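The structure appears right after this line, and notes come after that.
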Amino acid sequence: MRRRRLAMLSLDQFILDHPMYSKDGELSEVWVPGVAPDGPPWGMRPSTEMPPGKNKGDNDIRKYENVKECYEDLQKVLINAGLPETQDRSKQPRTDHNMDTTTICVLGAPSSAMSILLEGARQCPGKILLCLSTSWFCPAPPSPTTTVPLFIKQAVTFDFGGRTYLDTFSPPRRVTYLSWLGGPQFLMGEQFECPMGGSPKLSHLLANTLGVRLLLDTKQLPLTPALLLSNSYQLGFWGKYAMKAKTTRVIELCQKEGREETIRQEISAFLTSLKMKGHQKVVLKTFWPYPGRSPAISFYSSQDAPQVSDVVVGLFSELPQGQAVLLEGFVTTVPPRRITPSSPPACIPRCSVRPPELTIRLCAVVCRSRGDQPILSKVVCMVGRAEKPLCHRFALPQSLDTTLDSWGVLDETQKRNVWVQIKEASEKVMKAVMEEEKNMNPKERGGNKVQTDVLGVDMLLTCVDYMVSPVILGVSTDLCLESCGIHECVLGSLAAGRSTTVDSASSPLIETMLRRSMTYVMEGKEVLVIGAGGISKKFIWQAAQSYGIKIHLVESNPGHFASSLVTSFIHYDYEDFSCDNEEHAQNILSIVREKGLHLSGCMAFWDECTILAAILCGMLGLPGPPPNAVKLAKRKTQTQLCLLNTTAPNPPFPYAGAFAVPCFSLGPGTGGVEAAESVLSYPLVLKPESGAGAVGVRLVQDPDECRRLVQKMGVELEASKLISNDESSGIDAGGVYHKEEGCKPRIGGSCEPIVPEVGLSNGVSNADLTEPINATVQIPPPLLAEYITGSEHDVDLVLGFNGRLLAAYVSDNGPTLLPGFTETAAALPSRLSLERRCQLVQAASRSCRALGLYPGVFNVELKMTDSGPRLLEINPRMGGFYLRDWIRHIYGTDLVLVALALSCGLEPALPEKGAQESAVLVGIMCTGESHEKALGSTANPQRLSELHNAGYIRFNRLEGCPVHVPDQEPYGNVACQGESQKEARERLLGMCSALGLDSQGYPLRYLTGEFQ
């Protein structure tokens, strides 16, 4: 019944007869965003090719018939993939979207787009749409000077589990990324402002087989020798490479006089060279002067030059002007290693059959990754008889591993070598295309934001000097994607209902689509950022500039270097302790209104300013975590107490208190060390109530050591005794302790005693815990916490507006140099099992939700113990140090962009995994305390920068000094990359040994010993 109902969808359902689309509308009417008259949209035109017997008046009917055919093709593809057929929701228009909703639109044949659509449905369900006709678009009227947004009014939505829906959108939905996969439809992409992956013009250029061959030939890629005989064939854009090709000889035959003699001489010389290189056959291809027609192919012996010459001469005498003939050496593919089956007994008849010669055709899909780096995402193979060309769609695709197994290549090292060669060759092809596009103007590319994001490369496997090597045949993106989609659907249908994971060729492409889509949505947004931080935050302002985001920076230092890197710089002294946070927020709010800023978001990246930014968000009516939640996260004791108190009988279970660590504040009126000792057992951790970088954190083994350190920190033991009832004290709405007498307000919004400087959040401290301190500044009181054994990990969380987990990245930390807790080494991704990583993510996300800390990007520090994860602290801002750089490199997610998007009320769609997730980074911290000599000589800043730029290391400059200063943050982080933690660690140890960073006092083999 279901299939019958779907088959009877009326043509009107594709024409959109919804009342909001007026049938009487005129294209000359004033355009209103979200509402468009019916009929062909602006910038579109139907195909000009008329089928035989049709006139121009039949074009509209034919157009909608094509849409119906494409829709029926989609149903066939879904059925073959074991997925449910499309449900019709077109009579109930979708309204749950706005101008900033992520909308990835794929325009192309369903068969070619299936790999992209199914992977998109898995990573960003409901945000990826299939458009079957350009008439489904609804762009704004063309502008002679500016680009315009593109809207879509109808599409097939791909949702969870590959479910599909025929939807209409009211108002039309703005397209944030358009993937153009080719087809007979015409789209004037140069008018649209949205990012595009491909365009009709780029597709037309890449369809020129001869031109692309000449381009690749200049890059010294593996191609067969060729002779191109041209009769005024228009190479067009690619003509500039005709004389630069290495293995392709180009001969122009414009004049009829002497043409035959020239043809025979060139063919004779070419076939002679082929015989010397071992080619037994020659392939003859005829190219026509108009695109869209496949070349005619025939095969001849390379020994028979007269016959080949006669055929070519005959072609040039019969075919029209503008043709071209290409002669290529025939590639003999790697022969299979035959396994002789056992002989049957004599009583069973035998049948001796000579096995046919076979050939392998490879389809490699290469995607553009971040930083415009090509990455091979998948290779599928097709096997067929060698006596005729093996074309797409005539064999069932299979994996390279399966093909090599059947070919008798069983050694894993040999398989790896074949993969590496295919990877290098295909990625070089993509690199050549990308470099060529950089030299094109927008008109040549087909739009301002048009680029090739995915490319299919056809190859053969041959044997060169007893080594299996790939040979490039050409590029065909739609067919290669189609082959990969068929392979994924075959495996997916087999794995239906099971936990089998099917690797998608489009996984890196979806990452690129989501990144470009989010960048487009955020372009032009204005964000108020409180606090500039130090040199380690410089990348934030540079990133915002590259994304086109306008940052209005509020900073207390009038001469801060970031003032030249932002849209506007507002000097305001929020460190004036005569005002509390609410007063500071009111003052900044007045400045914002005076300047007439039109803000989309407000946030802070610097730890000291997170509470002030949260208060300002509330005053401005902008999204962000509540101030009380930020206050709780800033105070480590209050964080743990809040978790311990979340024992309401409501799911989810276990309670967040299961992850809490017992701790005790040494603030006034708490009872001091004696009270802490009554509930905690040594060893304990003495740490500041708030801070960053583990500055001022110490392990204490016994009561005497604890009291000695507490006194040296300037905290009077008697001042911590319980206060009498007549003294004013209490807990504020944020759960933070207050004592009215003998204290002053600070940035955190709470009342703090005046105590010596230890553990400031900016990490710059000259405090020496071995000597008493007389200087006094305002910081929170210290606390004592139970010392937890186990491995330490960071979880960088992205939480949406209802606390939903959008992404999480788990990294490992190495052991610290006790009694200090400053980070020494780290690795990403984590070495832990999937289950253990999930436990850490759950503990981190549930702890944040228990505090009410969302939306935003937060850094959570935990330890994995034998009894599960335990929370150390929550940082209510984006993770510092190297984390943004590492996560961006491995996973492709820029936490700066994500944090800014969430501050603007946008819930970004993030890729499930990164294109480089198979890579691992292992790094160590460099400190002035341990590496002063090396940082001034063998590992000086210039040398580290040179190694970073050359790709040998990843160096991140942090807040510390390169000279010996006790208890400070690290100076920087040096990391190396590998395919495993062990490989990355070995490279790092070798590099650090050469740089002089390994020492007896900073033993890197011990500190990185867990990363293998």
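Here is a check on your reading of the model: is GLU674 acidic (Asp, Glu), over 32 Å from the mean Cα position of the chain (by Cα) and modelled with pLDDT under 85? Taking the combined requirement at face value, the residue does not satisfy it. So is ALA808 closer than 22 Å to ARG888 by Cβ, touching a residue at least 40 places away in the same chain (Cβ under 8 Å) and within 26 Å of the chain's Cα centre (by Cα) or not? Against the criterion (closer than 22 Å to ARG888 by Cβ, touching a residue at least 40 places away in the same chain (Cβ under 8 Å) and within 26 Å of the chain's Cα centre (by Cα)), ALA808 does not qualify.
Give the stretch 556-587 a look and list any residue that's within 30 Å of ARG888 (Cβ to Cβ) and touching a helix residue (DSSP H, G or I) at 6+ places or on another chain (Cβ under 7 Å), or say none.
Residues of the stretch 556-587 within 30 Å of ARG888 (Cβ to Cβ): 556-557, 559-570, 574.
If the condition is that a residue be within 30 Å of ARG888 (Cβ to Cβ) and touching a helix residue (DSSP H, G or I) at 6+ places or on another chain (Cβ under 7 Å), then ALA562, LEU565, VAL566, PHE569, ILE570, TYR574 are the ones that fit.
Kindly indicate whether GLY667 is in contact with a strand residue (DSSP E or B) (Cβ under 8 Å, 6 or more places away or on another chain), outside the structural domain of HIS571 (by TED's automatic domain parsing) and either over 14 Å from ASN875 (Cα atoms) or surrounded by fewer than 24 Cβ atoms within 10 Å (Cβ to Cβ) (or both). Yes. Looking at SER937, SER930, SER945, just one residue is among the polar types (S, T, N, Q), assigned to a loop (DSSP other than H, G, I, E, B) and surrounded by fewer than 23 Cβ atoms within 10 Å (Cβ to Cβ), and that residue is SER937.
For (1) surrounded by 22 or more Cβ atoms within 10 Å (Cβ to Cβ); (2) closer than 28 Å to SER918 by Cα; (3) in contact with a strand residue (DSSP E or B) (Cβ under 6 Å, 6 or more places away or on another chain), each residue gets a yes or a no:
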position	(1), (2), (3)
PHE858	yes, yes, yes
LEU862	yes, yes, yes
PRO869	yes, yes, yes
ASP885	no, yes, yes
ARG888	no, yes, no
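For LEU599, the requirement of being out of contact with any Gly (no Cβ under 7 Å at 6 or more places or on another chain) and assigned to a loop (DSSP other than H, G, I, E, B) is met.
Those strands (runs of 3 or more DSSP E) of the stretch 318-403 in which at least 1 residues are within 30 Å of ARG264 (Cα to Cα), considering only elements entirely within it, cover 324-329.
Which count do you get for residues in the stretch 220-257 that are in contact (Cβ under 8 Å) with a residue 60 or more places away in the chain and surrounded by fewer than 17 Cβ atoms within 10 Å (Cβ to Cβ)?
The total comes to 3.
For ILE591, work out the one condition from (1) under 24 Å from LEU853 (Cβ atoms); (2) among the aliphatic types (A, V, I, L, M); (3) over 36 Å from the mean Cα position of the chain (by Cα) it doesn't fulfil. With respect to (1) under 24 Å from LEU853 (Cβ atoms); (2) among the aliphatic types (A, V, I, L, M); (3) over 36 Å from the mean Cα position of the chain (by Cα), ILE591 is out only on (1). From the list LEU481, LEU461, the lone residue that is assigned to a strand (DSSP E or B) and either outside the structural domain of ASP372 (by TED's automatic domain parsing) or among the hydrophobic types (A, V, I, L, M, F, W, C) (or both) is LEU461. Quick check on the stretch 409-461: of everything there that is of a type in the set (Ser, Thr, Tyr) and buried (at least 19 other Cβ atoms within 10 Å of the Cβ), which residue is nearest to the chain's Cα centre (by Cα)? Among them, the one singled out is THR452.
Condition check ((1) among the hydrophobic types (A, V, I, L, M, F, W, C); (2) more than 30 Å from ALA843 (Cβ to Cβ); (3) in contact (Cβ under 8 Å) with a residue 24 or more places away in the chain; (4) crowded, with 22+ Cβ neighbours inside 10 Å) across all residues:
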{"residue": "SER568", "(1), (2), (3), (4)": "no, yes, yes, no"}
{"residue": "HIS598", "(1), (2), (3), (4)": "no, yes, yes, no"}
{"residue": "PHE605", "(1), (2), (3), (4)": "yes, no, yes, yes"}
{"residue": "GLY624", "(1), (2), (3), (4)": "no, no, yes, yes"}
{"residue": "LYS634", "(1), (2), (3), (4)": "no, no, yes, yes"}
{"residue": "SER678", "(1), (2), (3), (4)": "no, no, no, no"}
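For the stretch 970-981, indicate whether the set of residues that are more than 21 Å from HIS889 (Cα to Cα), within 30 Å of the chain's Cα centre (by Cα), not in a loop (DSSP other than H, G, I, E, B) and not assigned by TED's automatic domain parsing to the domain that holds LEU376 is non-empty. Looking for residues that are more than 21 Å from HIS889 (Cα to Cα), within 30 Å of the chain's Cα centre (by Cα), not in a loop (DSSP other than H, G, I, E, B) and not assigned by TED's automatic domain parsing to the domain that holds LEU376, one finds none in the stretch 970-981, hence no. Among residues that are closer than 30 Å to LEU906 by Cβ and either out of contact with any Cys (no Cβ under 6 Å at 6 or more places or on another chain) or at pLDDT 90 or above (or both), LEU620 is included. Residues satisfying the criterion are present in the stretch 601-609 (criterion: under 36 Å from the mean Cα position of the chain (by Cα) and aromatic (Phe, Trp, Tyr)). Filtering the stretch 652-664 to residues that are modelled with pLDDT under 85 and either surrounded by fewer than 19 Cβ atoms within 10 Å (Cβ to Cβ) or farther than 30 Å from ARG846 by Cα (or both) leaves PRO652, PHE653, PRO654. Meeting the requirement of 2 or more residues that are charged (D, E, K, R) and under 28 Å from VAL334 (Cα atoms), the helices (runs of 4 or more DSSP H) wholly within the stretch 195-311 are 209-217.
Does at least one position in the stretch 996-1003 carry a residue that is more than 17 Å from LEU828 (Cβ to Cβ), in contact (Cβ under 8 Å) with a residue 12 or more places away in the chain, touching a strand residue (DSSP E or B) at 6+ places or on another chain (Cβ under 7 Å) and in a loop (DSSP other than H, G, I, E, B)?
There is at least one residue in the stretch 996-1003 that is more than 17 Å from LEU828 (Cβ to Cβ), in contact (Cβ under 8 Å) with a residue 12 or more places away in the chain, touching a strand residue (DSSP E or B) at 6+ places or on another chain (Cβ under 7 Å) and in a loop (DSSP other than H, G, I, E, B).
If you go through the stretch 364-400 and keep only what is in contact with a Pro (Cβ under 9 Å, 6 or more places away or on another chain), in contact (Cβ under 8 Å) with a residue 60 or more places away in the chain and over 18 Å from SER918 (Cα atoms), you end up with ALA364, VAL380, MET382.
Taking the conditions (1) modelled with pLDDT of 85 or more; (2) crowded, with 22+ Cβ neighbours inside 10 Å; (3) not hydrophobic (A, V, I, L, M, F, W, C) in turn, GLY189 satisfies each one other than (1). Between SER590, SER536, the distinction of being farther than 25 Å from SER690 by Cβ and not assigned by TED's automatic domain parsing to the domain that holds GLY691 belongs to SER590 only. When VAL156 is tested against (1) crowded, with 19+ Cβ neighbours inside 10 Å; (2) in a helix (DSSP H, G or I); (3) in contact (Cβ under 8 Å) with a residue 40 or more places away in the chain, exactly one condition is not met: (2).
The values are calculated or read from the model by the stated rules, or taken from the named source; none is laboratory data. Here the structure is a predicted model, which means the values were calculated and not measured. A quick note on method: Cβ atoms are made from the backbone with ideal geometry, for glycine too, and the neighbour counts reach across all protein chains shown.
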